[in-house]
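Here the structure is laid out as structure tokens; the discussion comes afterwards.
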Amino acid sequence: MTAEPSAKRPDALALIGPEYDRTSTRAGEQTLVICSAPRTGSYELCRYLLAAGIGVPHEYFNSSYARRLGQRWGFSRSPLEASELSRYIEVLRRRRVQGGVFATKLQFPHFNLILRNKHGRRLFENATIVHLFRPDAAAQYASYRSALETGVWDFSERPTLSGVVRDSKDSDELLKQALQELDALMGQDAGFRCIFALLGIRPLFVTTDELFSNSRQVVCKITSTMGLPVNERELDRALELSAPYGRNTAKATAQLAEHFKRVVFPEP
């Protein structure tokens, strides 16, 4: 069953909603795993793949989104608890499948905390692995910091988490927080690359720049690797609806850099 055409561009909260649940008697036979750090354009890639007929990609191992699904699907406890995880993945493979594909995106903490076990091993077996990477670390951190402070993580203005309140007067604490955040953010890509090396995985490597400059080519690269057709009409619709997140990234990056120049190099 293919995703229902929509005149709207679904945000992360819409994508986790019941509109995209499926009823399938067979589990998805193919698996697609998108490994990415935050602020790489991964939700836009999810929207493109959904439109193309390739799974219903989402952050299924994010505790916030898993809790929403668990409540809707009758789980009495968190689906990510060890006692529930096997059943949760089984339900995902039936309720969140399209074109015979179960697709999920992962941040490294989700993998490291939840999937370093037999369930993760089965998920990765014979899966198509994509590593989505953003080379511009300064822009990535500016976007990440904005999302942390506002709680808005997608293009819409709907917050998915509570914003982080900072004490702008404490320069030492601001710098300490920034370095910790950057270490965690940059460490996600390093963590995935280490796991790929240890497991002998050669992922499809896609940069954020490629994703937005050659979106169709990126989608076709993935579908070609999986041997799957593309719903051209719906992909065209998704590409037409695609747009920047409404934030001036260059301006935000410059403002953040100017701010931290004063923090890193304080005047005597």
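Can you sort LYS105, LYS176 by solvent-accessible area, 1.4 Å probe, largest first? Mind dumping the intermediate values first?
Working: LYS105 5, LYS176 110 Å².
Most to least solvent-accessible, the answer reads LYS176, LYS105.
Once a ≥ b ≥ c are taken as the square roots of the eigenvalues of the Cα gyration tensor of region 164-254, is the result rounded (a/c under 1.5), prolate (a/b larger than b/c) or oblate (a/b not larger than b/c)?
Oblate, since a/c reaches 1.5 and b/c is not below a/b.
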Query raised in the report: How large is the helix-only mean residue ellipticity at 222 nm for the chain, computed as the sum of -39500 (n - 2.57) over DSSP H runs with n ≥ 4, divided by its residue count, in deg cm²/dmol to the nearest 500?
Result: -16000 deg cm²/dmol
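With a ≥ b ≥ c the root eigenvalues of the C-alpha gyration tensor of region 72-120, is it rounded (a/c under 1.5), prolate (a/b larger than b/c) or oblate?
Details: a/c = 1.93, a/b = 1.12, b/c = 1.73.
Here region 72-120 falls in the oblate category.
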**Report entry** Accessible area (Å², 1.4 Å probe, nearest 10) - LEU199
**Finding:** 110 Å²
Query - log10 of Debye I(q)/I(0), alpha-carbon scatterers only, for the chain at 0.16 Å⁻¹ - result: -1.31
Report task. Round to the nearest 10 and report in Å² the accessible area of SER213, as given by a 1.4 Å probe over the protein chains' heavy atoms. Result -> 80 Å²
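Which order do you get for THR223, THR25 if you rank them by accessible area with a 1.4 Å probe, largest at the top?
Working: THR223 5, THR25 130 Å².
Of THR223, THR25, the descending order of accessible area is THR25, THR223.
With a 1.4 Å probe and all protein chains left in place, how much accessible area per residue does the chain have, in Å²?
Working: 13620 Å² over 268 residues.
Ligands and nucleic acids excluded, the result is 51 Å² per residue.
For region 86-147, report the translational diffusion coefficient in µm²/s to the nearest whole number, using Stokes-Einstein at 20 °C, 1.002 mPa s, and a Kirkwood Rh over Cα pairs. Please report the intermediate quantities before stating the final value.
Details: Rh = 14.0 Å.
For these conditions, the coefficient is 154 µm²/s.
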Query raised in the report: Just how many pairs of Lys in the chain have C-alpha atoms closer than 25 Å, counting pairs that are eight or more places apart or on different chains?
Result: 8
Query raised in the report: Highest GNM mean-square fluctuation, the chain, Cα pairs closer than 10 Å: which of ALA238, ALA137, ALA178?
Result: ALA178
Query raised in the report: Ranked by accessible surface with a 1.4 Å probe, highest first, in what order do LEU13, LEU85 come?
Result: LEU13, LEU85
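At a threshold of 8 angstrom on Cα-Cα distance, excluding pairs fewer than six apart, so keeping six or more, what relative contact order does the chain reach in percent? Could you put the intermediate results ahead of the total?
Details: 347 pairs, mean separation 72.3, N = 268.
The normalised contact order for the chain reaches 27 percent.
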Report task. Heads up, I need the accessible area for GLU90: 1.4 angstrom probe, whole protein in place, Å², nearest 10. Result -> 100 Å²
Requested in this report: Would you grab the residues whose amide H sits under 5 Å from the one on PHE133? Only those 5+ places off in sequence or on another chain, please, with H modelled 1.01 Å from N.
Outcome: VAL206, THR207, THR208
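From the square roots a ≥ b ≥ c of the eigenvalues of the alpha-carbon gyration tensor of region 147-214, which class results: rounded (a/c under 1.5), prolate (a/b over b/c), or oblate? Could the numbers behind the result be given before it?
Values: a/c = 2.72, a/b = 1.51, b/c = 1.80.
Since a/c reaches 1.5 but b/c is at least a/b, the shape of region 147-214 is classed as oblate.
Using only alpha-carbon positions, what ratio does the radius of gyration of region 18-58 give when scaled by 2.2 N^0.38 Å?
Values: Rg = 11.6 Å, N = 41, 2.2 N^0.38 = 9.0 Å.
Normalised Cα radius of gyration, region 18-58: 1.28.
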Report summary line: Share of accessible surface on carbon and sulfur in region 1-146, whole %, 1.4 Å probe and ligands ignored, is 47 percent
Report summary line: Excluding ligands, DNA and RNA, the carbon-plus-sulfur percentage of the accessible area of region 190-268 with a 1.4 Å probe reads 57 percent
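The values are calculated or read from the model by the stated rules, or taken from the named source; none is laboratory data. Being a predicted model, the structure only gives us computed values, none of them experimental. Just the protein is used for accessible areas: all its heavy atoms, side chains included, with ligands, DNA and RNA removed. Shrake-Rupley method; radii C 1.70, N 1.55, O 1.52, S 1.80 Å.
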